[in-house]
1. What residues qualify as long-range amide H neighbours of Ala171, i.e. H under 5 Å apart, gap of 5 or more or another chain, H built at 1.01 Å from N?
2. Report the one residue of Ala36, Ala57, Pro84 whose Cα lies farthest in the direction of the positive end of the charge dipole of the chain (charges on C-beta: Lys and Arg +1, Asp and Glu -1; origin at the Cα centre).
3. What is the distance in Å between the Cα centres of the range 113-167 and the range 1-73?
4. Mind ordering 34-41, 53-60 by average Cβ neighbours within 10 Å, highest first?
5. What are the residues whose amide H is under 5 Å from the amide H of Ala53, where those residues sit 5 or more places off or on another chain and H is modelled from the backbone?
6. HN-Hα J couplings of the range 30-36 from phi, Karplus 6.51/-1.76/1.60, θ = phi - 60°, integer Hz, Gly and Pro as x?
7. Rule-of-thumb check for the range 95-153: C-alpha Rg over 2.2 N^0.38 Å?
8. Amide H neighbours of His140 under 5 Å, counting only residues 5+ apart in sequence or on other chains, H built in-plane at 1.01 Å?
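FYI, it's all coordinate maths here, none of it is from the lab. Quick caveat: nothing in here was measured; it's all calculated off a predicted structure. Note that we place each Cβ from the backbone using ideal geometry, even for glycine, and neighbour counts take in every protein chain shown.
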Amino acid sequence: MDLKSLVRTIPDYPKPGIMFRDVTTLMADAQGFKAAVARLAEPYRTEPVDLVAGIEARGFILAGAIADRLGCGFVPVRKKGKLPWKTISQEYALEYGTDTVEMHEDALARGKRVLLVDDLIATGGTAGAAVKLIRRLGGHILGAAFIIDLPELGGAELLKKDGIDVHALMAFEGH
């Protein structure tokens, strides 16, 4: 199945010059969604994964399905102020300014093996912040899985330089 053909491209969103890669069209296709989840989980099928951490918001959808497929738990990585319990936070750089992601301080126990999941890797800011949170809690990151890599923006390479195995189903040139 050609999953790339199920991704909608929206030009000039959210600003002129950006080609937004919309995975909601892939997720709306039952067979496409099932295939994407299976392909994202496959490299980790024989690994002892304890938890799948999903980055808000589309990463939640994927991570929950992958956790079910791998028979492990799910942990959310959320935007600041969205979690109801005590949290740890990590700030990261945006093109203009900063943002913050959080996890519950008891989201995972030291030594837990974690797979990080999101829909897309661009500059790597959000994923890199999630990696730092997981490591601060004592988690061991087995890898990071994405539907889409935007290689020109360098996020996957940054994660790889940090010792993270990166698995993406497809790449789109440009951003």
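1. Amide H to amide H, under 5 Å and 5 or more residues apart or across chains, Ala171 pairs with Asp149.
2. After comparing all options, I get Pro84.
3. So the separation of the two Cα centres works out to 14 Å.
4. Ranking the peptides 34-41, 53-60 by packing returns 53-60, 34-41.
5. Amide H neighbours of Ala53, under 5 Å, 5+ apart: Val75, Leu115, Leu116, Val117.
6. 4, 6, x, 5, 4, 5, 4
7. 1.19
8. Close amide H contacts, sequence-distant or interchain: Gly111, Lys112, Arg113, Val114.
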